[in-house]
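**Q** Structure provided below as C-alpha coordinates; questions to follow.
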Amino acid sequence: MERGPVRTIPALVVAVGLLASLTACAGDSGPGSSGCPPTGDAASVVTATGSFGEKPDADVPSPIVTTETQVSTLIEGDGERLVDGSPVIIDYTLYDGATGREVEDSGYDGTAANPITVGGQALAPLAAALECSTVGSRVVVAVKASELSASIQGSAVEPTDDPDAAYVAIVDVKQAFLPKADGRPVPGESGLPAVVTAPSGAPGISVPDSDAPTAQETHLVREGSGRELTADDTAVVQFTAVTWATPSTVTASTWNNGDTATTVALGDPALPAPIRDALVGQKVGSQVMTVIPAAEAGGADSFVYVFDVLGSL
(Lines give C-alpha, C1' and ligand atoms only; values in the text may rest on other atoms or scores of the structure.)
Protein backbone atom coordinates (compact mmCIF):
# COMPACT_ATOMS: atom_id res chain seq x y z
CA MET A 1 0.00 0.00 0.00
CA GLU A 2 1.46 3.33 -1.01
CA ARG A 3 -0.31 5.58 1.46
CA GLY A 4 -1.59 5.07 4.98
CA PRO A 5 -5.23 5.95 5.64
CA VAL A 6 -4.44 8.68 8.09
CA ARG A 7 -3.00 10.75 5.22
CA THR A 8 -5.58 9.87 2.58
CA ILE A 9 -8.84 10.42 4.48
CA PRO A 10 -7.97 13.94 5.74
CA ALA A 11 -7.07 14.79 2.13
CA LEU A 12 -10.60 13.83 1.13
CA VAL A 13 -11.96 16.16 3.78
CA VAL A 14 -9.86 19.02 2.44
CA ALA A 15 -10.93 18.30 -1.12
CA VAL A 16 -14.59 18.58 -0.18
CA GLY A 17 -13.99 22.07 1.17
CA LEU A 18 -14.53 22.02 4.93
CA LEU A 19 -17.89 23.55 5.76
CA ALA A 20 -22.70 29.00 14.26
CA SER A 21 -25.09 26.50 14.88
CA LEU A 22 -28.77 27.28 15.61
CA THR A 23 -30.98 25.44 18.06
CA ALA A 24 -32.98 22.50 16.82
CA CYS A 25 -36.43 23.03 15.32
CA ALA A 26 -39.45 22.29 17.43
CA GLY A 27 -41.81 19.73 15.93
CA ASP A 28 -42.61 20.34 12.26
CA SER A 29 -42.10 24.10 12.40
CA GLY A 30 -40.42 25.91 9.52
CA PRO A 31 -38.36 29.09 9.07
CA GLY A 32 -39.73 31.91 11.18
CA SER A 33 -41.02 29.55 13.88
CA SER A 34 -39.60 29.30 17.38
CA GLY A 35 -36.12 27.74 17.35
CA CYS A 36 -35.75 28.19 13.58
CA PRO A 37 -34.04 30.88 11.46
CA PRO A 38 -36.09 34.09 11.42
CA THR A 39 -37.90 35.57 8.47
CA GLY A 40 -37.75 39.29 7.68
CA ASP A 41 -37.93 41.97 5.02
CA ALA A 42 -34.34 41.45 3.86
CA ALA A 43 -35.31 37.98 2.60
CA SER A 44 -39.04 38.32 1.85
CA VAL A 45 -38.52 41.32 -0.47
CA VAL A 46 -36.75 39.01 -2.95
CA THR A 47 -38.89 37.17 -5.50
CA ALA A 48 -38.08 34.61 -8.18
CA THR A 49 -39.78 32.65 -10.91
CA GLY A 50 -38.77 29.37 -12.51
CA SER A 51 -38.93 25.69 -11.63
CA PHE A 52 -37.19 24.09 -8.67
CA GLY A 53 -33.80 22.73 -9.73
CA GLU A 54 -33.42 25.28 -12.52
CA LYS A 55 -31.69 28.64 -12.28
CA PRO A 56 -34.23 31.19 -11.02
CA ASP A 57 -35.19 34.46 -12.67
CA ALA A 58 -34.85 36.67 -9.61
CA ASP A 59 -35.83 40.19 -8.64
CA VAL A 60 -33.42 41.42 -5.95
CA PRO A 61 -34.35 45.01 -4.98
CA SER A 62 -31.32 46.95 -3.83
CA PRO A 63 -29.86 47.94 -1.57
CA ILE A 64 -30.60 45.10 0.85
CA VAL A 65 -29.04 45.32 4.31
CA THR A 66 -29.48 43.09 7.34
CA THR A 67 -28.28 42.78 10.90
CA GLU A 68 -29.06 39.05 11.06
CA THR A 69 -29.57 36.02 8.84
CA GLN A 70 -33.14 35.90 7.49
CA VAL A 71 -34.99 33.25 5.48
CA SER A 72 -38.04 33.33 3.22
CA THR A 73 -39.58 30.26 1.54
CA LEU A 74 -40.51 30.62 -2.14
CA ILE A 75 -41.35 26.94 -2.80
CA GLU A 76 -42.29 24.63 0.08
CA GLY A 77 -40.90 21.13 -0.43
CA ASP A 78 -42.53 17.97 0.94
CA GLY A 79 -39.31 16.12 1.81
CA GLU A 80 -37.64 15.58 5.16
CA ARG A 81 -37.08 18.57 7.41
CA LEU A 82 -33.46 19.61 7.95
CA VAL A 83 -31.99 19.59 11.45
CA ASP A 84 -28.66 20.66 12.87
CA GLY A 85 -26.02 18.31 11.46
CA SER A 86 -27.92 17.37 8.28
CA PRO A 87 -25.63 17.18 5.23
CA VAL A 88 -27.46 18.63 2.22
CA ILE A 89 -26.97 18.94 -1.53
CA ILE A 90 -28.03 22.35 -2.85
CA ASP A 91 -28.10 24.48 -5.95
CA TYR A 92 -27.85 28.22 -5.40
CA THR A 93 -27.47 31.64 -6.96
CA LEU A 94 -25.76 34.36 -4.92
CA TYR A 95 -26.43 38.08 -5.27
CA ASP A 96 -24.79 41.23 -3.92
CA GLY A 97 -27.37 42.93 -1.73
CA ALA A 98 -25.89 46.37 -2.39
CA THR A 99 -26.40 46.21 -6.14
CA GLY A 100 -28.72 43.28 -6.75
CA ARG A 101 -26.25 41.84 -9.26
CA GLU A 102 -25.49 38.15 -9.48
CA VAL A 103 -22.16 37.12 -7.97
CA GLU A 104 -21.99 33.37 -8.69
CA ASP A 105 -24.08 30.22 -9.01
CA SER A 106 -23.68 26.49 -8.54
CA GLY A 107 -24.16 25.65 -12.22
CA TYR A 108 -27.49 23.81 -11.93
CA ASP A 109 -25.98 20.96 -13.93
CA GLY A 110 -25.88 18.18 -11.37
CA THR A 111 -22.17 18.56 -10.65
CA ALA A 112 -22.56 20.24 -7.23
CA ALA A 113 -22.36 16.87 -5.51
CA ASN A 114 -20.49 17.78 -2.33
CA PRO A 115 -22.81 18.32 0.63
CA ILE A 116 -22.69 21.22 3.03
CA THR A 117 -23.67 20.54 6.63
CA VAL A 118 -26.33 22.46 8.55
CA GLY A 119 -24.45 23.94 11.50
CA GLY A 120 -21.05 23.30 9.87
CA GLN A 121 -18.31 25.90 9.61
CA ALA A 122 -17.97 26.32 5.86
CA LEU A 123 -20.67 28.60 4.45
CA ALA A 124 -21.66 28.83 8.10
CA PRO A 125 -24.47 31.44 7.97
CA LEU A 126 -25.89 30.04 4.73
CA ALA A 127 -25.75 26.42 5.90
CA ALA A 128 -27.25 27.26 9.31
CA ALA A 129 -30.08 29.16 7.62
CA LEU A 130 -31.31 25.95 5.99
CA GLU A 131 -32.28 24.40 9.31
CA CYS A 132 -36.05 23.75 9.49
CA SER A 133 -36.48 23.97 5.71
CA THR A 134 -37.52 20.82 3.83
CA VAL A 135 -36.05 18.92 0.91
CA GLY A 136 -37.64 20.20 -2.28
CA SER A 137 -37.82 23.76 -0.98
CA ARG A 138 -36.54 26.92 -2.64
CA VAL A 139 -35.59 29.49 -0.03
CA VAL A 140 -34.18 33.00 -0.02
CA VAL A 141 -31.41 33.57 2.53
CA ALA A 142 -30.18 37.06 3.38
CA VAL A 143 -26.90 36.97 5.31
CA LYS A 144 -24.50 39.55 6.62
CA ALA A 145 -21.71 39.95 4.08
CA SER A 146 -19.08 39.99 6.82
CA GLU A 147 -20.22 36.61 8.18
CA LEU A 148 -20.44 34.92 4.79
CA SER A 149 -17.07 36.17 3.58
CA ALA A 150 -15.46 35.00 6.83
CA SER A 151 -16.67 31.45 6.15
CA ILE A 152 -15.44 31.22 2.55
CA GLN A 153 -11.95 31.27 1.09
CA GLY A 154 -11.10 31.93 -2.54
CA SER A 155 -14.61 32.81 -3.72
CA ALA A 156 -16.18 35.81 -5.39
CA VAL A 157 -17.52 37.00 -2.03
CA GLU A 158 -15.47 39.99 -0.96
CA PRO A 159 -15.07 41.54 2.51
CA THR A 160 -16.85 44.83 3.20
CA ASP A 161 -16.55 47.61 5.76
CA ASP A 162 -20.33 48.08 5.97
CA PRO A 163 -21.48 46.15 9.07
CA ASP A 164 -25.01 45.75 7.66
CA ALA A 165 -24.05 44.86 4.07
CA ALA A 166 -25.77 41.71 2.85
CA TYR A 167 -25.53 38.90 0.37
CA VAL A 168 -28.68 37.17 -0.82
CA ALA A 169 -28.82 33.52 -1.89
CA ILE A 170 -31.66 31.69 -3.59
CA VAL A 171 -31.17 28.07 -2.56
CA ASP A 172 -32.80 24.88 -3.85
CA VAL A 173 -32.57 22.09 -1.24
CA LYS A 174 -32.15 19.02 -3.44
CA GLN A 175 -31.16 16.17 -1.13
CA ALA A 176 -30.47 15.55 2.55
CA PHE A 177 -28.72 12.83 4.52
CA LEU A 178 -28.78 11.58 8.10
CA PRO A 179 -27.17 13.90 10.66
CA LYS A 180 -25.70 10.87 12.48
CA ALA A 181 -25.91 7.08 12.50
CA ASP A 182 -29.37 6.01 13.66
CA GLY A 183 -29.14 2.21 13.55
CA ARG A 184 -29.75 -0.20 16.41
CA PRO A 185 -26.86 -0.58 18.89
CA VAL A 186 -24.74 -3.72 18.49
CA PRO A 187 -22.87 -5.23 21.49
CA GLY A 188 -19.10 -4.72 21.47
CA GLU A 189 -16.55 -7.46 21.03
CA SER A 190 -13.90 -8.41 23.55
CA GLY A 191 -10.43 -7.12 22.71
CA LEU A 192 -11.67 -4.37 20.38
CA PRO A 193 -12.01 -0.66 21.19
CA ALA A 194 -15.19 0.54 22.92
CA VAL A 195 -17.19 3.34 21.30
CA VAL A 196 -19.50 5.75 23.11
CA THR A 197 -21.49 8.35 21.22
CA ALA A 198 -22.28 11.93 22.22
CA PRO A 199 -25.80 13.31 21.57
CA SER A 200 -24.43 15.04 18.47
CA GLY A 201 -23.28 11.69 17.10
CA ALA A 202 -19.56 12.28 17.66
CA PRO A 203 -17.87 9.08 18.84
CA GLY A 204 -15.51 8.62 21.76
CA ILE A 205 -13.11 5.72 21.19
CA SER A 206 -11.48 3.83 24.06
CA VAL A 207 -8.55 1.66 22.91
CA PRO A 208 -7.71 -1.36 25.10
CA ASP A 209 -4.30 -1.65 26.75
CA SER A 210 -3.24 -4.57 24.56
CA ASP A 211 -1.63 -5.21 21.21
CA ALA A 212 -3.55 -4.29 18.09
CA PRO A 213 -4.89 -7.12 15.91
CA THR A 214 -2.51 -8.37 13.24
CA ALA A 215 -5.28 -8.43 10.60
CA GLN A 216 -7.99 -5.87 9.88
CA GLU A 217 -11.12 -6.27 12.01
CA THR A 218 -14.39 -4.48 11.28
CA HIS A 219 -17.29 -4.36 13.71
CA LEU A 220 -20.71 -2.68 13.67
CA VAL A 221 -21.36 -0.30 16.56
CA ARG A 222 -24.82 0.50 15.16
CA GLU A 223 -26.57 -1.45 12.42
CA GLY A 224 -28.53 0.73 10.02
CA SER A 225 -31.55 -0.23 7.95
CA GLY A 226 -30.86 1.80 4.79
CA ARG A 227 -29.52 0.68 1.43
CA GLU A 228 -26.18 -1.12 1.26
CA LEU A 229 -23.14 0.72 -0.06
CA THR A 230 -21.60 -0.69 -3.22
CA ALA A 231 -18.12 -0.27 -4.65
CA ASP A 232 -19.56 2.23 -7.15
CA ASP A 233 -21.07 4.52 -4.50
CA THR A 234 -19.77 7.74 -3.05
CA ALA A 235 -20.50 7.46 0.66
CA VAL A 236 -21.51 10.44 2.77
CA VAL A 237 -19.88 9.96 6.17
CA GLN A 238 -18.67 11.45 9.39
CA PHE A 239 -15.59 9.79 10.83
CA THR A 240 -12.97 9.83 13.56
CA ALA A 241 -9.55 8.15 13.36
CA VAL A 242 -7.33 7.43 16.36
CA THR A 243 -4.07 5.57 16.89
CA TRP A 244 -3.94 2.22 18.66
CA ALA A 245 -1.41 3.34 21.22
CA THR A 246 -0.98 4.38 24.82
CA PRO A 247 -2.05 7.11 24.94
CA SER A 248 -4.28 6.99 21.88
CA THR A 249 -4.47 10.21 19.88
CA VAL A 250 -7.03 11.55 17.39
CA THR A 251 -5.35 11.86 14.00
CA ALA A 252 -8.35 13.12 12.02
CA SER A 253 -12.02 13.77 12.63
CA THR A 254 -14.79 15.43 10.66
CA TRP A 255 -16.58 15.95 13.96
CA ASN A 256 -13.71 18.24 15.02
CA ASN A 257 -13.77 20.15 11.70
CA GLY A 258 -17.00 22.01 12.25
CA ASP A 259 -19.14 18.85 12.40
CA THR A 260 -18.89 18.69 8.62
CA ALA A 261 -19.76 15.51 6.75
CA THR A 262 -17.52 14.46 3.89
CA THR A 263 -17.70 12.13 0.90
CA VAL A 264 -15.66 9.00 0.19
CA ALA A 265 -15.65 7.71 -3.40
CA LEU A 266 -15.47 3.97 -2.85
CA GLY A 267 -14.38 3.33 -6.43
CA ASP A 268 -11.46 5.78 -6.26
CA PRO A 269 -8.24 3.79 -6.84
CA ALA A 270 -6.43 6.19 -4.48
CA LEU A 271 -8.65 5.14 -1.57
CA PRO A 272 -6.81 2.67 0.69
CA ALA A 273 -8.23 -0.83 0.33
CA PRO A 274 -8.88 -1.24 4.10
CA ILE A 275 -11.20 1.80 4.08
CA ARG A 276 -13.05 0.49 1.01
CA ASP A 277 -13.33 -2.98 2.57
CA ALA A 278 -14.74 -1.52 5.79
CA LEU A 279 -17.48 0.49 4.04
CA VAL A 280 -18.62 -1.54 1.03
CA GLY A 281 -21.66 -3.60 2.03
CA GLN A 282 -22.52 -1.47 5.05
CA LYS A 283 -26.04 -0.05 5.35
CA VAL A 284 -26.92 3.63 5.56
CA GLY A 285 -27.55 4.48 9.22
CA SER A 286 -24.73 2.22 10.45
CA GLN A 287 -21.81 3.21 12.65
CA VAL A 288 -18.82 1.13 11.62
CA MET A 289 -15.55 0.62 13.50
CA THR A 290 -12.56 -0.81 11.70
CA VAL A 291 -9.10 -1.53 13.10
CA ILE A 292 -6.31 -1.34 10.54
CA PRO A 293 -3.02 -2.88 11.71
CA ALA A 294 0.24 -1.13 10.98
CA ALA A 295 1.24 -3.67 8.32
CA GLU A 296 -1.89 -2.85 6.29
CA ALA A 297 -1.72 0.87 7.06
CA GLY A 298 1.73 1.07 5.50
CA GLY A 299 3.36 2.68 8.51
CA ALA A 300 4.47 2.21 12.09
CA ASP A 301 1.06 2.76 13.70
CA SER A 302 -2.20 0.86 13.79
CA PHE A 303 -5.38 2.91 13.46
CA VAL A 304 -8.99 2.74 14.57
CA TYR A 305 -11.62 4.42 12.37
CA VAL A 306 -15.26 4.95 13.31
CA PHE A 307 -17.54 5.90 10.41
CA ASP A 308 -21.13 7.09 10.55
CA VAL A 309 -22.70 6.10 7.21
CA LEU A 310 -25.12 8.97 6.53
CA GLY A 311 -26.04 8.24 2.91
CA SER A 312 -24.67 7.84 -0.58
CA LEU A 313 -24.52 9.75 -3.84
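**Q** Report whether or not Glu131 is over 25 Å from Asp233 (Cα atoms), of a type in the set (D, E, K, R), in contact with a Pro (Cβ under 9 Å, 6 or more places away or on another chain) and surrounded by 22 or more Cβ atoms within 10 Å (Cβ to Cβ).
**A** On the way: over 25 Å from Asp233 (Cα atoms): yes; of a type in the set (D, E, K, R): yes; in contact with a Pro (Cβ under 9 Å, 6 or more places away or on another chain): yes; surrounded by 22 or more Cβ atoms within 10 Å (Cβ to Cβ): yes.
Yes; evaluated as a whole, the condition is true for this residue.
**Q** Any idea which of Ala198, Ala231 is aliphatic (A, V, I, L, M), at pLDDT below 95, within 26 Å of the chain's Cα centre (by Cα) and surrounded by fewer than 14 Cβ atoms within 10 Å (Cβ to Cβ)? It would help to see each step written out before you state the result.
**A** Values: Ala231 fails: at pLDDT below 95.
Exactly one residue qualifies, and that residue is Ala198.
**Q** Mind listing whichever residues of segment 110-135 are modelled with pLDDT under 90 and more than 12 Å from the chain's Cα centre (by Cα)?
**A** Result: Gly110, Thr111, Ala112, Pro125, Leu126.
**Q** Same structure again: Could you tell me whether Gly204 is open to solvent by 20 Å² or more (accessible area, probe 1.4 Å) and within 17 Å of Asp308 (Cβ to Cβ)? Walk me through how you get there before you give the answer.
**A** On the way: open to solvent by 20 Å² or more (accessible area, probe 1.4 Å): yes; within 17 Å of Asp308 (Cβ to Cβ): yes.
Spelling it out, Gly204 is indeed open to solvent by 20 Å² or more (accessible area, probe 1.4 Å) and within 17 Å of Asp308 (Cβ to Cβ).
**Q** Of Thr260, Thr214, Thr246, which residue is part of a loop (DSSP other than H, G, I, E, B), of a type in the set (S, T, N, Q) and in contact with an Asp or Glu (Cβ under 7 Å, 6 or more places away or on another chain)?
**A** Criteria check complete, one pass: Thr246.
**Q** Among residues belonging to segment 106-127 that are in contact with an Asp or Glu (Cβ under 8 Å, 6 or more places away or on another chain) and aliphatic (A, V, I, L, M), point out the one that is surrounded by the fewest Cβ atoms within 10 Å (Cβ to Cβ).
**A** Looking at residues that are in contact with an Asp or Glu (Cβ under 8 Å, 6 or more places away or on another chain) and aliphatic (A, V, I, L, M), I get Ala112.
**Q** Within segment 74-88, which residues are in a strand (DSSP E or B) and either within 19 Å of Ser200 (Cα to Cα) or open to solvent by less than 10 Å² (accessible area, probe 1.4 Å) (or both)?
**A** The first filter runs over segment 74-88 and keeps only residues in a strand (DSSP E or B), leaving 74-75, 81, 87-88.
Matches in segment 74-88: Arg81, Pro87, Val88.
**Q** Looking for whichever is of a type in the set (Phe, Trp, Tyr), within 18 Å of the chain's Cα centre (by Cα) and either at pLDDT 95 or above or more than 18 Å from Ala194 (Cα to Cα) (or both) here; the options are Phe307, Phe303. Which one fits? Write out each step before concluding.
**A** Working: Phe303 fails: within 18 Å of the chain's Cα centre (by Cα).
One residue alone meets the criteria, Phe307.
**Q** Another question about this same structure. Determine which single condition Thr263 fails, assuming it passes every other condition in (1) farther than 30 Å from Gly79 by Cα; (2) among the hydroxyl-bearing types (Ser, Thr, Tyr); (3) crowded, with 18+ Cβ neighbours inside 10 Å.
**A** (1)
**Q** Counting only residues that are assigned to a loop (DSSP other than H, G, I, E, B), within 15 Å of Leu82 (Cα to Cα) and in contact with a Gly (Cβ under 9 Å, 6 or more places away or on another chain), how many does segment 95-135 have?
**A** Qualifying residue count, segment 95-135: 8.
**Q** Does segment 267-300 hold any residues that are under 22 Å from the mean Cα position of the chain (by Cα), in a helix (DSSP H, G or I) and not aliphatic (A, V, I, L, M), and which are they?
**A** Arg276
**Q** Which condition number in (1) at pLDDT below 95; (2) open to solvent by 30 Å² or more (accessible area, probe 1.4 Å) is the one that Phe52 fails?
**A** Checking Phe52 against (1) at pLDDT below 95; (2) open to solvent by 30 Å² or more (accessible area, probe 1.4 Å), the one that fails is (1).
**Q** Look through segment 89-105, keep the residues that are open to solvent by less than 60 Å² (accessible area, probe 1.4 Å) and among the charged types (D, E, K, R), and return whichever of them is farthest from the chain's Cα centre (by Cα).
**A** Residues of segment 89-105 open to solvent by less than 60 Å² (accessible area, probe 1.4 Å): 89-97, 100, 103-105.
Of the ones still in play, those that are also among the charged types (D, E, K, R) are 91, 96, 104-105.
Values: Asp91: 15, Asp96: 26, Glu104: 21, Asp105: 20 Å.
Step by step, filter segment 89-105, then rank; the result is Asp96.
**Q** Can you find a residue in segment 156-164 that is open to solvent by less than 20 Å² (accessible area, probe 1.4 Å), at pLDDT below 80 and either of a type in the set (A, V, I, L, M) or out of contact with any strand residue (DSSP E or B) (no Cβ under 6 Å at 6 or more places or on another chain) (or both)? Let's see the steps before the verdict.
**A** Taking segment 156-164 as the starting set, the residues that turn out to be open to solvent by less than 20 Å² (accessible area, probe 1.4 Å) are 157.
Applying the additional criterion that residues be at pLDDT below 80 yields 157.
Narrowing the set further to residues that are either of a type in the set (A, V, I, L, M) or out of contact with any strand residue (DSSP E or B) (no Cβ under 6 Å at 6 or more places or on another chain) (or both) leaves 157.
There is at least one residue in segment 156-164 that is open to solvent by less than 20 Å² (accessible area, probe 1.4 Å), at pLDDT below 80 and either of a type in the set (A, V, I, L, M) or out of contact with any strand residue (DSSP E or B) (no Cβ under 6 Å at 6 or more places or on another chain) (or both).
The values are calculated or read from the model by the stated rules, or taken from the named source; none is laboratory data. Bear in mind the structure is a predicted one, so any value in this text is a computation, not a measurement. Note that each Cβ is placed from the backbone with ideal geometry, even for glycine, and that neighbours are counted across all protein chains shown. Note: areas computed on protein heavy atoms with side chains; ligands, DNA, RNA excluded. Shrake-Rupley method; radii C 1.70, N 1.55, O 1.52, S 1.80 Å.
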